[in-house]
Amino acid sequence: ASTAVTCFTRGLDLRKEAEDVLCPANCPLWQFYVFGDGVYASLSSVCGAAIHRGVITNAGGAVRVQTLPGQENYPAVNANGIQSQVLTRWASSFSVTRTKNTALEAVGRSVSTARPSTGKRPKKPLDKKAGNKDCKADIAFLIDGSYNIGQRRFNLQKNFVGKVAVMLGIGTEGPHVGVVQASEHPKIEFYLKNFTAAKEVLFAIKELGFRGGNSNTGKALKHTAQKFFSLDNGARKGIPKIIVVFLDGWPSDDIEEAGIVAREFGVNVFIVSVAKPTTEELGMVQDIGFVDKAVCRNNGFFSYQMPSWFGTTKYVKPLVQKLCSHEQMLCSKTCYNSVNIGFLIDGSSSVGDSNFRLVLEFVSNVAKAFEISDIGSKIAAVQFTYDQRTEFSFTDYTTKEKVLSAIRNIRYMSGGTATGDAISFTTRNVFGPVKDGPNKNFLVVLTDGQSYDDVRGPAAAAQKAGITVFSVGVAWAPLDDLKDMASEPRESHTFFTREFTGLEQMVPDIIRGICKDFLDSKQ
């Protein structure tokens, strides 16, 4: 019989060469990670690949999964509402086909209806005011108000933007939207903070007047990236910032520099191009590659084409799914919102009560610099002597206030020093559960003395598990131990101060070090 799997089961989670699996119904399409087309990297979600391939629909069903060897250059293809992603190489792959035996499917089906689908609670009625909580986005619609589009198509554009706005599920806890009109000079029509209900947004969109003028999209994009997303204007911390640029034809000005500015501001730029320039018109376009230069990443995900402004209804849903895929918003990922930092704190008796407070202050000051949220950065802390105690794990607190208050409440243990054991404990118990998550993992080890056990082995194992280790030593901590624990290049990952009061000066260097490693890992 077929094995029931979840929405998130990946090819590499299956054990057999060929296996029949049963996908559940109603998986959220935008949460699928799929790499490739036809042949999928085994990192991909099995059910996501099956929907992408057209073997099943979102109603679920039986799929045969065949293991294949790894390959290079898995392509990105948009099919059946799922955008697959590029992957340079992976060690193994799989293909998906319909299962041969329909009787089997019937058996599988009846089994699957007998037990509630895995991991998904029954849908609560949507709280109208709150909106769609699963869609985390602050969106600026940059609409085309140029002579290129003209009054009639401008109105069709407004209708389309209105439909997208409604389908997004705008609400206090859902997406927030604003509109900017691009023409000769950009005009911010309304900000994120002005409306939190779809009805109000629809009304505001209907009221927009057509401005006319050249389509200075570059100028408008730059203006929006710099001015629109301030906290005063209603942008929310830790929520992806998105600009959806609607372009009828092509821009009259240079858009490349605006794209660079947007990326520097951590804004994800999508371009929806309607009526691409014809062969005759191409001569008038300043830069034929304007779409690739302006979007957040030139990977196919951030550009969207519609043949004309007529009959656009079928284009609404796929665009909304893209805008709600917060894991795909690569330009939002900065070191401040995409890291897990675990602190391993020496609670041995040589530290003493008042110095222990200084250590906690140091931990707070580092943690404070990051954007902590359920989809952002996360913090954990473990205290150790001969023994280890997880003070809190990555999933315990998802706001900065709660994390800082948990750090303040850590009680000093007092005892011996077994740093190696503590590193192994933390790698297994604290980083283990998040090792496949999207964030980059960091461990900051704080100690004031010689460890009674070997630190080199456990630190190497932590690094092998993808954790970057910074060692911070105080007072009697031997430099050899500190260097043995630190990640390469060791000089920039090892810190030392004679006095506990010297910890404060190290805070900016640790933060800078984490950000540098984060950026290097993305190159």
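The values are calculated or read from the model by the stated rules, or taken from the named source; none is laboratory data. Every value quoted in this text rests on a predicted model; they were computed, and no experiment measured them. Note that each Cβ is placed from the backbone with ideal geometry, even for glycine, and that neighbours are counted across all protein chains shown. Accessible surface areas use protein heavy atoms only, side chains included; no ligands, DNA or RNA. Shrake-Rupley method; radii C 1.70, N 1.55, O 1.52, S 1.80 Å.
The figures follow:
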| read-out | value |
| --- | --- |
| The chain: antiparallel DSSP beta bridges as a percent of all, rounded to 5 | 35 |
| Within the chain: Cβ-based charge dipole about Cα centre, in debye rounded to nearest 20 (Lys, Arg +1; Asp, Glu -1) | 2160 |
| Size of electric dipole in the stretch 339-521: Cβ of Lys, Arg +1 and of Asp, Glu -1, about Cα centre, debye, nearest 20 | 380 |
| All aspartates and glutamates inside 17 Å of Lys206 as judged from Cα atoms, apart from same-chain residues fewer than 8 positions distant | Asp144, Glu189 |
| Relative contact order (%) - the stretch 339-521, alpha-carbon pairs under 8 angstrom, separation at least six | 23 |
| Global form of the stretch 3-98, assessed from the alpha-carbon gyration tensor, a/c cut-off 1.5 | oblate |
| Carbon/sulfur fraction of accessible area - the stretch 1-108, other protein chains in place, 1.4 Å, % | 54 |
| Accessible area per residue in Å² at 1.4 Å probe, computed on the stretch 125-184 | 39 |
| Positive-pole candidate from Phe228, Pro251, Leu202, dipole of the stretch 138-328, charges at beta carbon | Leu202 |
| Fraction of accessible area attributable to carbon and sulfur, the stretch 431-523 (%, probe 1.4 Å) | 53 |
| Relative contact order %, the stretch 138-328, counting alpha carbon pairs below 8 Å whose residues are six or more apart | 23 |
| For Lys187, solvent-accessible area (1.4 Å; no DNA, RNA or ligand), Å² | 80 |
| The stretch 3-98, relative contact order [Cα under 8 Å, separation at least 6], % | 33 |
| Linear extension gain, Gln71 paired with Glu401, 0.36 nm per residue minus alpha-carbon span | 114.2 nm |
| Calculated Rg and Dmax of the Cα atoms in Å (choose from (i) 35.3, 113; (ii) 25.1, 79; (iii) 26.1, 80), label | (iii) |
| Per residue solvent-accessible surface (Å²) - the stretch 292-392, probe of 1.4 Å | 35 |
| Probe 1.4 Å, all protein chains present, accessible-area order of Asp13, Asp396, Asp20, largest first | Asp396, Asp13, Asp20 |
| Proximal charge balance of Ser492 [Cβ under 14 Å; K/R count +1, D/E count -1] | -1 |
| Estimated distance in nm for a label pair at Lys522 and Ala91, the labels positioned 7 Å out from Cα along Cα-to-Cβ | 2.7 |
| Loop trypsin sites (Lys or Arg not before Pro), the stretch 1-103, which have at most 13 other Cβ atoms in a 10 Å radius of their Cβ (DSSP) | Arg15, Lys16, Lys100 |
